[in-house]
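In what follows, a structure is listed as structure tokens, so that the remarks can point back to it.
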Amino acid sequence: MSKLTNEIIQEFIKRGYFKSEGAVKNFISQVKTDEGLDCTQPAAAQVAAKIKGFSIKRRLKKEDKGPSNLSEIVEKYRNKNSNSSSKVKKLNKPNFKNKIQNSNDPIEKAAYFNASLYSDIYILENKLRLLIFKQLGNDLSWWKKEKVTQPIIDYANKIAEDDKKTPWIPRADKHPLYLVTLKHLSKIIELNWTRNFDKLGRMTNFLTYLDDLLKIRNCLAHNISLGSRDKKEVETQVPKILSLTKQNYSI
């Protein structure tokens, strides 16, 4: 009978869902027991992986056949987890849905739709700032090109100079990290990954989650209309990222 391999177990650990092999095995066994799965351990691991939002299908053998009701099982666990206090809680947002439905003005409809996504991006961007501060420090000692890159420093300097033109609108936050964008925050995390952010799982996966949101963030910043696909992306990727920062860095 096909058995769990170290590669399969490491998939769960590298993605930041568990910190030990024992925790991975326990989760897979729990899923198999709770659902009464009559399949191999690797097939049960595929069910567990799909519950967590990824796939290990490439690591399965021919005899590792999963259950026919896989999507039903996954949906059940996701609904269960969405109500769990251990997960990132969903925001109590204003009811933009009614505003969208009740407006006959296409610009108003687009504005309300964008507004329904804004808070998620705001929270994400500022949680990442808190994460960077926690790992690199709240002072300016690390704000140098070895850890930030000169183009990011130049961008922050330019925004700071522009701010001087409107001194009657002071910024509450003085650190230059508040002058850069989500794209810059992603780059800072990438540059300092090995020593400061590797608990977030596999770097390429984490940065891909952020990359998926960069265009959406820019559209919000420049008041460009977004659509249902963008909404789904935000609702999928933002909780995933915040769950990793909360679980591994208490941010």
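Descriptive notes on the structure:
- Given K165/K231; K61/K246; K3/K232; K57/K215; K158/K215, the pairs whose alpha carbons are separated by over 27 Å: K165/K231; K61/K246; K3/K232; K57/K215
- Here the extension length gained between S20 and R202 equals 64.0 nm, from 0.36 nm per residue of separation less the Cα-Cα distance.
- Put a dot 7 Å past the Cα of K134, heading toward its Cβ, do the same for E146, and the two dots end up 2.5 nm apart.
- Positive dipole terminus of the chain, leading residue within L220, M203, H184 (C-beta point charges): M203
- Converting phi to 3J(HN,Hα) with the Karplus coefficients 6.51, -1.76 and 1.60 and the offset θ = phi - 60°, the range 186-199 yields 4, 5, 5, 4, 4, 5, 10, 4, 4, 8, 10, 10, 5, 6 Hz in sequence order, with x at every glycine or proline.
- Legend: translational diffusion of the range 6-82 by Stokes-Einstein, Rh = Kirkwood radius over C-alpha pairs, 4 °C, 1.567 mPa s; D = 104 µm²/s.
- Backbone amide hydrogens, once placed in the peptide plane, bring W142 within less than 5 Å of nothing, excluding anything fewer than 5 places away on its chain.
- Cα-based Rg of the range 187-251 normalised by 2.2 N^0.38 Å, two decimals: 1.22
- Value of [θ]222 nm, deg cm²/dmol, for the chain, DSSP H segments ≥ 4, -39500 (n - 2.57) each, nearest 500: -20000 deg cm²/dmol
- About its Cα centre, the chain has a charge dipole of approximately 320 debye under the convention of +1 per Lys or Arg Cβ and -1 per Asp or Glu Cβ, with nothing else charged.
- Rounded D (µm²/s) - the chain, Kirkwood Rh over Cα pairs, Stokes-Einstein at 37 °C, 0.692 mPa s: 158 µm²/s
- Reach of K199 by Cα under 17 Å, taken over aspartates and glutamates that are not fewer than 8 positions away in the same chain: E11, E21, E190
Read the figures in this text as sums done on the coordinates, not as results from a lab. What you see is a predicted model; the values in this text were computed from it and never measured. Glycine gets a Cβ as well: all are built from the backbone with ideal geometry, and neighbour counts include every protein chain shown.
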